[in-house]
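Comments concern the structure below.
The values are calculated or read from the model by the stated rules, or taken from the named source; none is laboratory data. The shown structure was predicted, so the numbers you read here are calculated from the model rather than taken from an experiment. Here the Cβ positions follow ideal geometry from the backbone for every residue, glycine too, while neighbour counts run over all protein chains shown. Protein only, heavy atoms only, side chains kept; ligands, DNA and RNA dropped before computing areas. Shrake-Rupley method; radii C 1.70, N 1.55, O 1.52, S 1.80 Å.
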Amino acid sequence: MAADAFAEQVFGGIGLRMPTVRHDDPILRPAARVLLIDDQDRLLLLRANVGEGDVWITPGGALEPGETAEQAARRELWEETGIEAIELSPCVWTRTHRFTWRGRRYEQQERFFVARAQAPVITVDNCGAEELAFLSEWRWWTAAEIERSDAVFAPRVLAKILPPILACQCPVEPLALDS
């Protein structure tokens, strides 16, 4: 019996429809990212090989079960940089990013936080093997370098939206980014 026919029979025609779950629906993946800024107003970015080429991304990743976005941001920052015990801003940006990874489609709902560090020492000693397989390098970037670069950045509008963050002008409510 089709799902809608079943709903009609069980609920007596009161307008309820059974949700359709398609096998090609993306996997929802809440994530947190950190805009880590050093004492020279440079942003730390990690080069990730995502199969279609390289993209420079901020430290971050998926929330683990029961974790808040802030907790995930701190954990991911520690895993990918070795930096811990750092103060995070409230969420400044949100972004929905759709991608395919290892044959599966994802819809990643990201929350971005700002953290500042004085002369940080970066280490990838806490990264798991899976992360190390696609994170090939890290680098500190100025906003001007990002703007002049031909590299691909995520979010794509990073060069335009980063300067207010560097000037400590964080939005009161998170800005929703397109990509």
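For the chain, the longest principal axis of the C-alpha atoms and the axis of helix 69-81 are separated by about 50°.
GNM, the chain, Cα, under 10 Å: largest mean-square fluctuation among ALA144, ALA154, ALA69? Fluctuation is largest for ALA144. Across TRP56, TRP141, TRP101, mean-square fluctuation computed from a Gaussian network of the chain (C-alpha pairs under 10 Å connected) peaks at TRP101. Suppose the Debye formula is applied to equal point scatterers at every Cα of region 42-134; what is log10 I(q)/I(0) at q = 0.11, 0.21, 0.23, 0.24 Å⁻¹? For the requested q values the scattering log ratios are -0.33, -1.28, -1.51, -1.61. Counting only Cβ charges, +1 for Lys and Arg and -1 for Asp and Glu, the dipole size of the chain around its Cα centre is about 400 debye. Report summary: the helix-based calculation at 222 nm, which adds -39500 (n - 2.57) for every DSSP H run with n ≥ 4 and divides by the residues of the chain, gives -6500 deg cm²/dmol.
The apolar share of the surface of region 32-179, taken as the fraction of accessible area on carbon and sulfur atoms (1.4 Å probe, ligands and nucleic acids excluded), comes to 49 percent. Sorting the Cα pairs of the chain by distance into bins of 5 Å, from 0 upward, gives 1, 7, 15, 18, 19, 13, 7, 4, 4, 4, 3, 2, 1, 0 percent per bin. Residues in region 100-179 average 63 Å² of solvent-accessible surface per residue, probe 1.4 Å, ligands and nucleic acids excluded.
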